[in-house]
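Working notes for the structure below.
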Amino acid sequence: NFLGAHESSKHAISQWWGRIAFDQLRVLLGGWMLAVILQGEQHVPVGTGLGQMKALRVLDISSYRDLELPLELLSQLTGLRMLDLSRCSQLRSLPKSLGQLTALQVLHVTRCRELMSLPESVRQLTALQVLDLYGCGALMSLPESLKGLTALKELNLCRCGLVSLPDVFGQLKGLQTLNLSLCKGLKSLPKSFQQLTALKHLLSGGRVNTWPSGYGRTLLG
């Protein structure tokens, strides 16, 4: 019966993760494990099984407090649709293997104050629709490979340390919502910005002083 199956799954998962109590590991089951939420855990012993979850769709390891995030194993989670790495205080960079998550649609990396760069492999995230980098104050630039995010609709760069945007920024043809507010070092936008013809919502908080020639400010929030 369902209850018996649930208890069996509960026991198996408890054995799988050892130190993590099951009530701290909230799991949605649908034949396969579809979501794992490990907010604020001190350790995630992922080497004992996480990489084997080929059907995993959602992984939330926000507020991870350990020194080393086991991110290289993410490359094995090829079915992942949503990844939340928010508030990981020790996170300084994302691994090249992130580009192997070609089915990823939503990526949250908010309030990672030590994050300094995104990998060039980000170009491979062709299914990504939402990229949230809110509060990444050490992030001063974005890679040229950002142009590969052809499905991107929403980009949140609020409170980032950006001083410029790459010239290829205008190639984000599907971008509809862009938040540049409280980016104190960002004073101008690249000429390619006027190529963002799908843009509907733009928030700059008045920080941008120089706009590309011919680009109106009617979207300014």
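Looking only at region 53-83, which residues are at pLDDT 90 or above and either open to solvent by less than 40 Å² (accessible area, probe 1.4 Å) or outside any loop (DSSP other than H, G, I, E, B) (or both)? Walk me through it before giving the result.
Quick first cut of region 53-83, residues at pLDDT 90 or above only: 81-83.
Of everything in region 53-83, those that are at pLDDT 90 or above and either open to solvent by less than 40 Å² (accessible area, probe 1.4 Å) or outside any loop (DSSP other than H, G, I, E, B) (or both) turn out to be 82, 83.
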Exercise. Residues being of a type in the set (Val, Ile, Thr) and either touching a His at 6+ places or on another chain (Cβ under 9 Å) or farther than 18 Å from residue 174 by Cα (or both): count how many of those fall in region 104-155.
Key: 3
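The values are calculated or read from the model by the stated rules, or taken from the named source; none is laboratory data. Because the structure is predicted, anything quoted here is derived from the model rather than measured. Please note: Cβ atoms are built from the backbone with ideal geometry, for glycine as well, and neighbour counts cover all protein chains shown. Note: accessible area is taken over every heavy atom of the protein model, side chains too, but ligands, DNA and RNA are not part of it. Shrake-Rupley method; radii C 1.70, N 1.55, O 1.52, S 1.80 Å.
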